[in-house]
Structures are given as structure tokens and as C-alpha cells.
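Below is one structure, written out as C-alpha cells, with a few remarks after it.
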Amino acid sequence: NDELTFLGDEFNQLTERLQVSENKRARFVSDASHELKTPLTVIDANVSVLEQSIGQNKWLDYIKEQTSRMSGLVNEMLQLSNLEEAKHTETSPPHEAYDAAEAVLTAALPFESVAFERGVILDTQVPDTLDAYGCRKDLEQLAAILIDNAVKHSEDGGTVRVILDQSTQRHGLKQTQMLELRVSNSGDEIPAEALPHLFDRFYRVDESRTHKDNSYGLGLAIARSLAEKNQGTITVTSQDGITEFTLRLPISS
């Protein structure tokens, strides 16, 4: 009994140290992201002033492009840090009655032109209305992340399908009505060994594509955190030339 007590105390102390270490890491990322926002804003403003003074040139365009990309990375890091910090608080997303079908279509609309330019068919199969209660803003961002990811990784001339439906999730005798959003694209299959890591921060299946598509591998990590924040799940399959992400959120939470 004394030995078990000792091992239990050691385990608790280790857990506490790991939690303290994780809190420090999250705080560092958050603080660093905040600190980077100001100089990036200053750089962007100075480039605009220079452009007015000396006119447009390729060097200023390079600075603007890289500043924009870095600002996007900083914003994603900050959001992910805030989402992870929220897991340890009782903060919950603002809930409201909303039309989930309208939210998904709103998220999909900006990608129609992107898909058209690449010859990709964007097929949205969404009901006329789907009443839900939760955080519409989070659903819109989740849909946008998944559609953006699908369009980027679809083969040229391929198809991206966005399907919104309802499903029932069972836990013993309890049944929960869920929103089910499936976003798929045709293209190269993702290796089975890579699938468990897709939602890890900065993970890229193909390292040779790093930064070429203005992505830093944080989108899917943010999507998972947003799903968990709303008591939902997100999963992925990749077979027969089709990669599909499935998001499930409670219709009423």
C-alpha cells in the first residue's frame, strides 16, 4: 500500500509538472504571437508609405507578400493558442439559433472562383434549411477550413464535394442529433500512416509543398480544436482516390 501511494504521488507530481510545462509553452506562443503583430503592422504600413513615394516595384511586392503570409501565420498561431487555453477554462462559445445550411453555403461561396480557376468542380449538397443551436461563426470557419483544404489538394479538374446532413449519435440509450458535414476531394490518397497526424500542428504530408500554397499546417489543428470546443468530432479517411473529412457537431448544444 505504501508503495502504491508513493507511485501515485510520483505520478501526480509528474502530471502537474507536465501541465505547468504545457501552460508555459501555450503562454509563450500566445505572448510571442501578440508581440509579432505590432512589428508586422508597422512593416506593412511603411511599405505602403514607400509605395506612395517611389511607386510600385517587385521588391516592395515581395515584402508585402511575405508580411501578409507572416501575419496569417501569427493570427493562426494566436487563435490556436487561445483555443487550447479555452480547454482549461469554463468559457463556452456563444450559442444562438441559426441556419446551418446557410452558414455552410456562406463559407463555400468564396471558394467558387478559386475552384473555377483550377478547373475543379465544387459540388455543394446542402438542404434548403437546417435549424441548429450553437455557434454559427465556428461552423462557418470549420467549413471554410475543410473546403479550402479540399480545393488546395484536389487534382486539377477534380471534384470537391460538400455535403451537409443530419445523423444520430448513440451513447447507450441516449441519442444525440448531430450536424454532419462531409467535405471530400479527388486526388492523391493520403498514406495510412499519415492520417493520425493530419491534425497535428505544422504537420505536412508532402514537405516539398511547404509554404507553396500559403499554408503552414495549422488549419486542420485549428479545425480539431474548434470541433472539440463545440463538443464535436472531426475524422478523415483516404481511399480509392478520395479523401474525406467528416465533421459532426451537436445540432443543439
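The values are calculated or read from the model by the stated rules, or taken from the named source; none is laboratory data. As the structure is a computational prediction, the values presented were derived from the model and not from experiment. Glycine gets a Cβ as well: all are built from the backbone with ideal geometry, and neighbour counts include every protein chain shown. Just so you know, the surface numbers come from the protein's heavy atoms only, side chains and all, with ligands and any DNA or RNA stripped out. Shrake-Rupley method; radii C 1.70, N 1.55, O 1.52, S 1.80 Å.
Some values worked out for this structure:
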item: Selected residue (only one of E90, E117 is of a type in the set (D, E, K, R) and at pLDDT below 75); result: E90
item: Residue that is farthest from E76 (Cα to Cα) [pool: residues in region 138-194 that are open to solvent by less than 10 Å² (accessible area, probe 1.4 Å) and without any contact (Cβ under 8 Å) to a residue 40 or more places away in the chain]; result: G158
item: Hits in region 96-112 - residues which are out of contact with any Pro (no Cβ under 6 Å at 6 or more places or on another chain), closer than 12 Å to A143 by Cα and in a helix (DSSP H, G or I); result: A100, E102, A103, V104, L105, T106, A107, A108, F111
item: Matching option when the condition is in a loop (DSSP other than H, G, I, E, B), at pLDDT 90 or above and over 18 Å from the mean Cα position of the chain (by Cα), among D128, D123; result: D128
item: Pairs with Cβ under 7 Å, 6+ apart, first in region 113-133 and on the phi < 0 side of the Ramachandran plot, second of a type in the set (F, W, Y); result: L122/F111; A132/Y98
item: Scope region 230-253; condition assigned to a loop (DSSP other than H, G, I, E, B) and open to solvent by 70 Å² or more (accessible area, probe 1.4 Å); matching residues; result: Q231, D240
item: When residues of region 195-229 are limited to those that are of a type in the set (A, V, I, L, M) and modelled with pLDDT of 85 or more, the one surrounded by the fewest Cβ atoms within 10 Å (Cβ to Cβ); result: L195
